[in-house]
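Each remark here refers to the structure printed beneath this line.
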Amino acid sequence: MGVKVLVRIRTTNNFAPDMIECSLHDNTIKIHTRRDQHKEAVNNQHSDWMFKVDGILHDVPQEVVYAAVAKKAVASTINGFSSTIMCYGQTGAGKTHTMTGATEKYEYRGIIPRAIQQIFKEVEEQADLALTVYVSYLEIYNETLYDLLSTMSDSSAPDTQMIIVEDSHGVRIKGLSIHMVSTEEDALNYLFEGETNRIIASHTMNKNSSRSHCIFTIYVETRWRQTAEVKYLTSKLNLVDLAGSERLGKTGSEGQVMREAMYINKSLSFLEQTIIALGEAKRGHIPFRQSKLTHALKDSIGGTCNTILVANIYGEAAQIEETLSTLRFASRMKCVPAEPVANIYTDPVKLIHKLQNDIQVLQDELAMYNILGNRRQVSYETLTANQIRDIKAQICRYLEGTVDEINITNIRQLRETFAQFKIILLQQEQEIEATLRKKYILIDKVNRETSFIADVMGLLNSEESQVGELMGEGFGIGLAPTSAKAKKIKVKKSRDIAGSNKKERPSVSGKDTEMLQQPKDSAQDVSPKPVASRVITASAIDSVRSESIVKMEDTRPMTPPGKSEIFDMFKAEKGSEINRILIENKHILIEKRTNMKDLTDRINNVKEEIDITNRSLNIKKRERHLQGEYKNEHDEPVVDEDEFNLIIQLKDLKRQYRSDFNTLRDLRVEVQYCQKLVDQCRLRLLTEFEIWYNESFLTADDTQQVPQGDSIRRGLVPFSRMAALEEDDKEKFQRLQQEILMECPESVSFYRARMKLEERHNYTRAMNQPQPITIHKKPGMITPSIKNKPPSSLQCS
Ligand code: ADP
Ligand code: MG
């Protein structure tokens, strides 16, 4: 469907039937021109044209014209369809006659008064519709817009500059007065007023009315009287009386007239271009804005607007060129596509009322359904804060596992349930993030623990003063992530440690309690199970915490207590036995080192004495040689008493030197052995502490594998051996040695050998001793054999 084109041939006595051949049955007009007469104006090549149109109105009364041209279009305006009816043709061809008609006789009235009449007839007939009608009358002259109804308006001055604007409702002319009309007469008054103004203006402003375009627009707004209908319709009926389409040369216009004609031609030329463009299917841009006319009619030519063109032709032979021109324009207009669409809008106020009514009806419906379904308690109102709290609590119970199902009662509750799940999920995400943050803090804690190891070692070393070197690498105190610990805490173990309820322990400081409860508070709504674990952890920690530990607690909650704090406590309680052994072994080691130092000093002294004695003996020898020697019967030189004593002294010293040297060598081995024992004890203490610590605060998975093979059994300390080598024993030995030396110096080697043997036996026995031996210093514990058998050979023969 395209633009509807009708040809109206003006009634005339000089109609040229030989030139204009109308075929009413197929709506074609054939134009025949005589070449010799019109060759300068008409294309020489053609003398015959045929135009196919939608209707030919030849010598027909206004009523028939209206019926053929406008009736249907006007009827559709109350249904929201906009229409444009345009009259195109040369001056005098009957455009104004067609559009407005003559006023002197009622039956000569044109399309506009008839359309007004029809619309108000509809207003009266459509009882269920509330139609509102407005009119405006625009004149475009020399590309200027004139409001022909400005005199009817109080507000707008006649010379108000009007501009064409476009909005969501289409094109409108800002500044053009639009008048609501409630009756046919009212509307006709505006029409006549506009016509009068047009004539007055043409005189006062020296305008040629045939050179202006006039657009009388009837606006119809259709609403339904019943409130349920929220839609409303709007439509525009543009009734356009175009300026004369005659070409300039025809009238021989000059000066102002020529300028007018140029404008007219120009705007009509733009109209034609626009129409050609609209007729081309693939044309993207339509030059509507080239002229005021096309711009003002932008949404009123083709497209969704029902468009009808009346081509007014004169019908006389003299006007055949203009007739041909008009028909050419008409045929182009026929190519413009038009697919009328109703302008339907929604009234927001009525829509709200309607929706409120709908809700009420549905609520009533639902209430009835609930009564029938015996579900009287169900509420469909917006949830209250308390109801939301209840829903949240129910979800918590569901997550805990105390309830298996969430009872769904209505859609609102279902939606809120999901919303609360989302909130909980977000909270848990935040919690996980917080945990991760704590984990990063724990990396610092690991460092702190590393320093703890150093602290412990320092502690041990300070206790043993100069004893031994630091523990080597390979003994690490591992830390599992807090998260792992928090999850894997052995409740039973903790409870064993805790023994009593946390609340019953007044020793916990306020700060402590706060720290321990903090995670509980933040998590109790969401995940009660982990919280429970944490609480037990807290109590477990609490139970093993001494005052000093409480004092040392840092600000980080939920983490196991610091190892250095716990280590003191471990040594005092669970690790007391091994710690005691360690300390005792360390004392023995210290003692042995002291002995070794003393012995070294003594050996050095003996060595010095040997040197002195040697020097004295040499002096004596030299004296003896100088003085002359005495020899006995065995040809041995006879020495004096001093020299003899020196010789004896030297022998004794050498003997003692050898003896002490051997003792020192053995003592060094013992010191090394004791050192090893101390190291093992220390390793054992730390290992046991670590195991205990991990068992108390971690699972076995988290603990490091402790090398069991390396550990020593408690009590496997050869104290007998150590005791045998205590200071008292040495004193005893030295005493014996001196006695022997006094009685029989030669027997020293023998007794020394015996003693060494005893020592070795004792040592071996101690090393093989499977059971712990309580440390008792046994003064003079030189094997019973020695004790019981006082060296008989001492009584040197
Ligand atoms: P236009 O507006 O195209 O310049 P008009 O409508 O003013 O032409 O017509 C010029 C004159 O011709 C008017 O006096 C008008 O009454 C008369 N006229 C035009 N068409 C007809 C017609 N179909 N029957 C009778 N008179 C007509
Ligand atoms: Mg006219």
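Of everything in the range 134-150 that's outside any strand (DSSP E or B) and either under 18 Å from Asn189 (Cα atoms) or open to solvent by less than 20 Å² (accessible area, probe 1.4 Å) (or both), which residue is farthest from ligand 1 (Cβ to nearest atom)? Step by step, filter the range 134-150, then rank; the result is Ser150. On the given criteria, is Arg198 touching a helix residue (DSSP H, G or I) at 6+ places or on another chain (Cβ under 7 Å) and open to solvent by 30 Å² or more (accessible area, probe 1.4 Å)? No: the conditions fail for Arg198.
Whenever a residue of the range 165-176 is under 16 Å from Asn238 (Cα atoms), its partners that are in a strand (DSSP E or B) and acidic (Asp, Glu), lying with C-beta atoms within less than 7 angstrom and at least six residues away or across chains, give the pairs Leu176/Asp147.
Conditions (1) at pLDDT 85 or above; (2) part of a helix (DSSP H, G or I); (3) in contact with a strand residue (DSSP E or B) (Cβ under 8 Å, 6 or more places away or on another chain), marked per residue:
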position	(1), (2), (3)
Gln394	yes, yes, no
Tyr398	yes, yes, no
Arg412	yes, yes, no
Thr417	yes, yes, no
Glu429	yes, yes, no
Asn447	no, yes, no
Ser451	no, yes, no
Ala454	no, yes, no
Gln466	no, no, no
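Within the option set Tyr380, Tyr369, being assigned to a helix (DSSP H, G or I), open to solvent by 30 Å² or more (accessible area, probe 1.4 Å), among the aromatic types (Phe, Trp, Tyr) and more than 30 Å from Ser76 (Cα to Cα) holds for one residue only, Tyr369.
Against the test of being aliphatic (A, V, I, L, M), in contact (Cβ under 8 Å) with a residue 60 or more places away in the chain and open to solvent by 20 Å² or more (accessible area, probe 1.4 Å), the options Leu191, Leu131 yield a single qualifying residue, Leu131. Consider the range 75-103 and keep the residues that are within 16 Å of ligand 1 (Cβ to nearest atom) and among the β-branched types (Val, Ile, Thr). The one that is surrounded by the fewest Cβ atoms within 10 Å (Cβ to Cβ) is Thr103. Taken together, the residues in the range 239-285 that are within 16 Å of ligand 1 (Cβ to nearest atom), at pLDDT 65 or above and of a type in the set (Lys, Arg) amount to 1.
Within the range 94-111, residues that are under 12 Å from Ala311 (Cα atoms) and in a helix (DSSP H, G or I) reach partners that are open to solvent by 10 Å² or more (accessible area, probe 1.4 Å) and within 9 Å of ligand 1 (Cβ to nearest atom) with beta carbons closer than 6 Å, at six or more positions or on different chains, in the pairs Thr98/Arg8. Residue under question is Asp679, and the condition is that it be in a helix (DSSP H, G or I) and not aliphatic (A, V, I, L, M); does it hold? The answer is yes for Asp679.
The values are calculated or read from the model by the stated rules, or taken from the named source; none is laboratory data. Since the structure is predicted, the reported quantities are computational estimates derived from the model, not experimental observations. Every residue, glycine among them, receives a Cβ derived from its backbone with ideal geometry; neighbour counts consider all protein chains shown. With ligands, DNA and RNA removed, areas are computed over all heavy atoms of the protein, side chains included. Shrake-Rupley method; radii C 1.70, N 1.55, O 1.52, S 1.80 Å.
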